[in-house]
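Let me begin by presenting the structure, written as structure tokens, before commenting on it.
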Amino acid sequence: MTLVGTPLVRTEDGAILGPDYRRISGFVKPGNEVPGVVPASTVEPGDTVRLAGHDVLVITTRAHGVPGHVYIGTRNEHGAEIVHEFRESERVHVVGVGSFDR
């Protein structure tokens, strides 16, 4: 399998989490196209999301904890880290992707 030219989801440290199917034509599920408004369960590290009128960088996502919920860890422009809890189906505005691309 070749990853050359394939958009990837990476951690802040550059570790590859896998292909970013939301950015691969023919693989993206309708309603999950980014940038755009997508279910919270499809938000990935490296996305920039608009929450409460502020654009914040997603640094972590996790789905364990309360069933049916997702936890999105973000960092704002001042460096503050905040975790937001959403229902998996709740829509989140992704305004940018691939902040950790290399």
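Structure notes:
- In whole angstrom, the chain maps to an equivalent ellipsoid with semi-axes of 21, 16, 13, each derived as √(5λ) from the alpha carbon gyration tensor and ordered largest first.
- In angstrom, the C-alpha Rg and Dmax of the stretch 43-102 are 11.1, 34.
- Spin-label model, VAL37/HIS64: points 7 Å from Cα along the beta carbon direction are separated by 3.3 nm.
- Per residue, in Å², the accessible surface of the chain once ligands and nucleic acids are set aside, probe 1.4 Å: 59
- Measuring nothing but protein heavy atoms, the accessible surface of the chain at 1.4 Å probe radius is 54 percent carbon and sulfur.
- Dipole of the stretch 1-79 [Lys/Arg +1, Asp/Glu -1 at C-beta], most positive-end residue of ILE24, GLY53, VAL9: ILE24
- For the stretch 52-69, Karplus couplings with θ = phi - 60° (6.51, -1.76, 1.60), whole Hz, Gly/Pro x: 6, x, 10, 8, 10, 8, 7, 10, 8, 9, 8, 10, 8, x, 6, x, x, 10
- Here the dipole of the chain is about 240 debye; that uses its Cα centre as origin and unit charges on the Cβ of Lys and Arg (positive) and Asp and Glu (negative).
The values are calculated or read from the model by the stated rules, or taken from the named source; none is laboratory data. Remember, predicted model here, so these are calculated numbers, not experimental data. Methodologically, a virtual Cβ is constructed for each residue, glycine included, from the backbone with ideal geometry; neighbour enumeration extends over all protein chains shown. Surface accessibility is based on the protein's heavy atoms, side chains included, excluding ligands, DNA and RNA. Shrake-Rupley method; radii C 1.70, N 1.55, O 1.52, S 1.80 Å.
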